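A short write-up of the structure that comes next.
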Amino acid sequence: KGQMGSLGRADAFSLGSWGTYKGKQSSSLRCVRREKHAAALLQVSYLLNQLPPGRWMYMHLIQVDSVQRWMEDLKLMTDCECMCILQSKPISIEKDEQNELILSSQYSTCDNLQLLLKRAWIISTELTRIAQKLEKNRWQRVHSMTVRVNCHVRSMINEYNIFTRNSSEEMHQFEKLLIDKCSEFTAFTERCIQTEDEQILKSMKSCINETLTTVAQYFGQLIELVLTHKAQNLLRQIELSDNVYVTESAISSLFSLTQEGAHLCRIIAKEGGVVALFKICRQDCFRCLYPQTLRTLASICCVEEGMHQLEKVDGILCLADILTDSTHSEATRAEAAAVIAQITSPHLMFTQHLSSFLENMEEIVTALVKLCQEASSGEVFLLASAALANITFFDTVTCEMLLQLNAMKILLAACSDKQIVDTPYSRDQVVTILANMSVLDQCASEIIQGNGVQLLLEMLFERSSSGNSAEVAACERVQQKSAVTLARLSRDPEVADAAVKLRCIPRLIKLCRSPTERNNSDSVLVACLAALRRLAVMSPDGLEDSDFQQLVKPRLVDSFLLCTNMEESFV
């Protein structure tokens with residue numbers, strides 16, 4: 001009896017099957033035997049607990065199967081409605097401060113967010129599936145899924161309230177509205193499975209559709225409020241705290257929020273996240289937090305709201321100051337370059353912020369070229385070169401500026417260092433800069449002096465080693481842009497002659513004729529055809545007659561169609 005507290009619930013349940021006997025026995029005899037078996041079981045359990053782990057495997061024959069059987073039977077005895085009620089109740093109803101402290105210390109903000117988002121994703125998926133089943137009039141499935149959604153909604157609200165304090169009155173109102181609407185939804189679907197009258201079901205279907213829409217609307221508004229509340233709490237910590245460790249923790253949690261998608265970045269930007277983070281970047285006491293802060297800023301600035309906030313606080317001027325200040329660590333300047341790369345992306349549809357960028361462009365470009373030259377790692381070079389690559393899309397003035405800063409020479413030298421330019425992503429940035437600079441006539445001599453034609457030929461052989469889709473796409477871009485650069489530079493006879501001598505033509509022909517060499521990329525094919533035609537004009541003797549007749553002489557579109565149809569099967 002004294003040992004019972006140390007036994008698990010499984011041991012307690014196993015006593016029931018050890019105390020079962022065949023034949024007719026008096027109740028007192030059965031009690032005595034039960035007590036003896038219970039005592040024996042307790043003694044065995046105690047001995048097993050004392051065994052070292054290595055000897056436990058030899059005792060597996062003593063394990064009782066009754067617990068496993070009980071657990072299997074329990075699955076069949078579970079009722080959805082009961083589970084719904086159980087999951088919506090806290091284990092402890094006592095408002096004990098010590099209990100709250102234990103709960104909050106076990107889970108970080110990041111864990112709570114992941115739990116919330118996972119539950120929200122499940123609910124969102126279930127609501128979509130309910131709509132699909134409703135269209136097919138599968139009422140039994142609709143009801144069971146509605147009960148499940150009800151359960152998940154209650155669990156999500158309960159979990160959030162356990163780990164969150166000082167929730168707003170508006171949030172509590174939405175919680176009540178959502179729970180009430182979910183209960184109404186469940187009641188509707190329950191009535192549907194209790195009738196077989198088609199007319200009644202048809203009339204109720206519109207009501208259920210309307211209720212489903214309302215549930216989805218309330219759910220979306222509640223999630224928006226919850227995420228906004230989390231963002232507000234973190235930003236309040238960042239703005240009010242003078243403690244480096246508290247601020248670091250808040251920025252780390254904020255960065256985790258930004259990784260959950262563009263919608264959360266918009267919420268953070270609207271709540272003043274960009275303003276708060278640039279405030280950190282202007283305080284010397286937080287210098288050790290600059291890299292982490294700038295990394296978070298780069299994530300937020302992927303959305304238009306983040307860009308507008310950056311413009312309002314003169315963020316580009318702050319970034320220029322960080323990049324040009326050699327007292328800052330390389331990591332800090334690299335993260336500032338990452339923000340520049342983000343806000344100058346050619347894929348962005350909004351460009352209002354670029355007016356202030358152009359005012360500081362010369363300082364920024366000079367600092368980025370220096371960072372490429374002095375980069376101690378591949379990651380630093382990647383961030384700096386990505387920013388330069390995006391800037392070269394602005395105007396030829398940028399390319400002329402890079403030429404004056406010997407950027408071509410620096411980039412070509414970096415490519416020979418496999419520790420610095422170590423991935424297809426880095427080579428993609430370099431060849432983007434070369435392609436955009438190749439529109440300048442002065443660029444040809446720089447390419448010849450820096451052995452750039454050899455580098456472009458090597459890039460035509462770029463292949464992914466991992467098969468990762470992102471890496472494969474990067475390799476395609478490297479092949480395409482190196483062919484484009486060759487085509488542009490080959491208007492200079494000296495470059496064309498060097499390309500012919502290095503046997504660029506056979507490689508271009510191979511890329512045109514073999515879809516697997518270019519990973520079936522049409523963009524690579526078009527670029528290679530253009531380069532081949534330019535080289536053929538400068539050196540017509542480098543091609544065989546069949547190649548000339550198929551790849552050079554016809555219209556570009558005809559050669560393209562010929563090459564894309566080479567491996568098609570019409571069986």
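The values are calculated or read from the model by the stated rules, or taken from the named source; none is laboratory data. Everything numeric here is computed off the predicted structure, so don't read it as measured data. Positions of Cβ are generated from backbone atoms using ideal geometry, with glycine treated the same way; all protein chains shown enter the neighbour counts. Remember, those area values only see protein heavy atoms, side chains included, never the ligands or the DNA or RNA. Shrake-Rupley method; radii C 1.70, N 1.55, O 1.52, S 1.80 Å.
Among the residues of the range 256-304, which ones are free of Cβ contacts under 8 Å to residues at least 40 places away in the same chain and more than 22 Å from residue 117 (Cα to Cα)?
The answer is 272, 275, 277, 282, 283, 284.
Any residue in the range 177-186 that is open to solvent by 60 Å² or more (accessible area, probe 1.4 Å) and either touching a residue at least 60 places away in the same chain (Cβ under 8 Å) or not in a helix (DSSP H, G or I) (or both)?
Within the range 177-186 (the criterion being open to solvent by 60 Å² or more (accessible area, probe 1.4 Å) and either touching a residue at least 60 places away in the same chain (Cβ under 8 Å) or not in a helix (DSSP H, G or I) (or both)), the answer is no, since none of the residues qualifies.
Does the range 550-559 contain at least one residue that is among the charged types (D, E, K, R) and within 20 Å of residue 415 (Cβ to Cβ)?
Scanning the range 550-559 turns up no residue that is among the charged types (D, E, K, R) and within 20 Å of residue 415 (Cβ to Cβ).
State the number of residues belonging to the range 332-344 that are open to solvent by 30 Å² or more (accessible area, probe 1.4 Å) and either at pLDDT 95 or above or of a type in the set (Ser, Thr, Tyr) (or both).
Total meeting the criteria: 1.
Consider residue 523 carefully, then state whether it is open to solvent by less than 10 Å² (accessible area, probe 1.4 Å), part of a helix (DSSP H, G or I) and not aliphatic (A, V, I, L, M).
So residue 523 does not fit the description; no.
Could you check the range 350-376 and list, in sequence order, the residues that are among the small types (Gly, Ala, Ser), surrounded by 14 or more Cβ atoms within 10 Å (Cβ to Cβ) and modelled with pLDDT under 95?
Those that are among the small types (Gly, Ala, Ser), surrounded by 14 or more Cβ atoms within 10 Å (Cβ to Cβ) and modelled with pLDDT under 95: 356, 375.
Just a yes or no: is a residue in the range 201-210 assigned to a helix (DSSP H, G or I), β-branched (Val, Ile, Thr), under 19 Å from residue 124 (Cβ atoms) and touching a residue at least 24 places away in the same chain (Cβ under 8 Å)?
yes
Testing residue 547 on (1) open to solvent by less than 70 Å² (accessible area, probe 1.4 Å); (2) more than 40 Å from the chain's Cα centre (by Cα); (3) closer than 23 Å to residue 438 by Cα; (4) not hydrophobic (A, V, I, L, M, F, W, C), one condition comes back false. Which one is that?
Only one criterion is unmet by residue 547, namely (3).
Among the small types (Gly, Ala, Ser), open to solvent by less than 10 Å² (accessible area, probe 1.4 Å) and within 23 Å of residue 430 (Cβ to Cβ): does that describe residue 474?
Yes.
Right, residue 533: at pLDDT 80 or above and open to solvent by 80 Å² or more (accessible area, probe 1.4 Å) or not?
It is false that residue 533 is at pLDDT 80 or above and open to solvent by 80 Å² or more (accessible area, probe 1.4 Å).
Looking at 382, 402, 434, 411 in this structure, which one is within 24 Å of residue 468 (Cα to Cα), out of contact with any strand residue (DSSP E or B) (no Cβ under 6 Å at 6 or more places or on another chain) and assigned to a helix (DSSP H, G or I)?
382
Restricting to the range 421-464, name every residue that is among the small types (Gly, Ala, Ser), open to solvent by 20 Å² or more (accessible area, probe 1.4 Å) and under 19 Å from residue 379 (Cα atoms).
Result: 464, single match.
Yes or no: residue 225 of a type in the set (A, V, I, L, M, F, W, C) and surrounded by fewer than 19 Cβ atoms within 10 Å (Cβ to Cβ)?
yes
If a residue has to be open to solvent by less than 60 Å² (accessible area, probe 1.4 Å), part of a helix (DSSP H, G or I) and within 18 Å of residue 223 (Cα to Cα) to count, how many in the range 254-282 make the cut?
10
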